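Below is one structure; the comments refer to it alone.
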Amino acid sequence: MDRRQRPIGFVMRYLRDSKIIALWLQNQASPHTRGCYRRDSDRLLNHVRKPLNRISLGDLQSFAQSLVNEGLAPISRARTMAATKSLFSFCHRMRQIPTNPAAELVLPRYEIRLSERILGEEDTQKLLAAEVAPRDRILLRVLYGAGLRVSEASGLLWRNLRPRGDAGQITVFGKNGRTRSIALPPPLWSELASLRGAAGAEEPVFSSRTGKSLDRGRVRMIVRHAAAHVGIAGAVSPHWLRHAHASHAIDHGAPLSLIQATLGHASISTTSSYLHARPGDSRLRRSCNGDAGQAHFS
């Protein structure tokens, strides 16, 4: 039935659902999260084809199974269903639905494969030395040296950089709306500053040919191209460099609290996951025993 022929009650419900979903999305601090959650909610509604107040636990279980049937990766299924639970919890709190059908929804478990995504120091140094364009080489070194998420690197503006003697710092607006400052050593600071030229304070540090910020897909391509260039196998992503930063910092004795602050983890337990990725390393045991150190970057 054409939308123009639908009952007025259905149309009004559709408009109310659109407004509550928009309000739910506005409550997500990260633009990346908002984008993912919007796609997840669209996916849900396209599957169930019902207004929110008529969706049942059975509908949600059917949606979860559809993600399996479509071949979505386990971690992506878990994120999609977590977004679904978030949406219905929000609707219930806002009294848009009488009961929360997602309250009993069990999130899918998935294998944690962090250890497979940590580059060794030798491979990391090969990647950072790849013969690529200056902008791309410095981008790789900032992703690793500062442990940035790809969205944080893409969103860097020149006003976010401040000198500190012969070194410097960057201020990052990160996940869940948290802002943090990260110190950069002199060699990396010098390389980063060399990119500026005549760029203004509000211009992106890593810009495309059009002058806009590099998007996530382009950053991913830069990392994969550099990895392939130096013979590193696997689907290497920008996040692998963030993992490498954390793992290598632990290897060199940096305290977990420092690494947590640098990476912007909300919980120390997230940072601690790097301790369990390679539990047999004697340097990890030394780190657990409280030896101090600085994050390594050469």
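Only residues that are outside any helix (DSSP H, G or I) and in contact (Cβ under 8 Å) with a residue 60 or more places away in the chain were counted across segment 12-50, and they come to 3. Remark: Leu60 matches the filter, which requires a residue to be within 22 Å of Glu104 (Cα to Cα), buried (at least 16 other Cβ atoms within 10 Å of the Cβ) and hydrophobic (A, V, I, L, M, F, W, C). The number of residues in segment 58-98 being farther than 25 Å from His32 by Cβ and not β-branched (Val, Ile, Thr) comes to 10. Taking the listed residues Ala199, Ala227, Ala235, Ala193, the one that is surrounded by 13 or more Cβ atoms within 10 Å (Cβ to Cβ), within 27 Å of Thr271 (Cβ to Cβ) and of a type in the set (A, V, I, L, M) is Ala227, with no other qualifying. Residues that are surrounded by fewer than 19 Cβ atoms within 10 Å (Cβ to Cβ) and either within 22 Å of Val236 (Cα to Cα) or in contact with an Asp or Glu (Cβ under 9 Å, 6 or more places away or on another chain) (or both) within segment 146-173 comprise Leu157, Trp158, Arg159, Phe173, listed in sequence order.
Of the helices (runs of 4 or more DSSP H) that lie entirely inside segment 54-145, those containing 3 or more residues that are in contact with an Asp or Glu (Cβ under 9 Å, 6 or more places away or on another chain) span 74-93, 134-145. Return the pairs, sorted by first residue and then second, in which the second residue is of a type in the set (D, E, K, R) and in a loop (DSSP other than H, G, I, E, B), the first residue lies in segment 51-73 and is more than 26 Å from Pro98 (Cα to Cα) and modelled with pLDDT under 95, the beta carbons are less than 8 Å apart, and the residues are 6+ apart or on different chains. Matching pairs, first to second residue: none at all.
The values are calculated or read from the model by the stated rules, or taken from the named source; none is laboratory data. Computed from a predicted model, the values in this text were never measured in an experiment. Positions of Cβ are generated from backbone atoms using ideal geometry, with glycine treated the same way; all protein chains shown enter the neighbour counts.
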